[in-house]
Amino acid sequence: MLAFVYVYLHNEHKQEHKQNHIHKRKQMGNYTMTGEEIRKALNEKDLSFAAIGRALGHSTGTAVSRICHRQATGRITARFIADALDLPIEEVFPEKPEYSDDPKRLKKTQAEAALREKAEAAGLVA
């Protein structure tokens with residue numbers, strides 16, 4: 001019984017520490033939901049990567065999982081995930097300005113891409 005209480009209290013402490021860490025990251029403005037946090041948020045709404053994958057016409061949730069874990073990109077899938085979570089896409093995937101509908105962010109991304117192309121054409125970047 002004592003071991004159970006210890007494990008329970010230890011897990012509570014870990015969860016509280018994690019929540020404090022997330023809160024600090026949000027305050028600093030550099031918070032990005034992890035793939036695991038997205039999965040948990042979807043599960044709270046009785047959704048899964050597989051359910052979203054099927055809704056998008058995929059046979060499994062692998063593509064959705066890869067996008068959530070930043071192993072692949074996909075604007076349509078990312079938007080679908082954000083909509084399922086009832087969150088703005090900029091809050092779920094802030095590191096991907098190309099997913100945004102915000103004209104300022106989109107324009108900045110396009111300008112950066114144009115500069116990158118020019119630098120590559122000039123042989124300045126590999």
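Data for the structure
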| read-out | value |
| --- | --- |
| Taking the C-alpha atoms of the stretch 42-105, convex hull volume expressed per residue in Å³ | 76 |
| Assigned charges on the beta-carbon of Lys, Arg, Asp, Glu; the stretch 32-99 dipole about Cα centre (debye) | 320 |
| 14 Å beta-carbon shell around residue 53, net charge (K/R +1, D/E -1) | +3 |
| Calculated from backbone phi, Karplus (6.51, -1.76, 1.60) coupling profile of the stretch 32-48 in Hz, x at Gly/Pro | 10, 5, 7, x, 5, 5, 5, 4, 5, 5, 5, 4, 5, 9, 6, 10, 9 |
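Each reported figure results from applying straightforward, stated rules to the coordinates on display, with no laboratory input. As the structure is a prediction and not an experimental result, all values here were calculated from the model. Glycine gets a Cβ as well: all are built from the backbone with ideal geometry, and neighbour counts include every protein chain shown.
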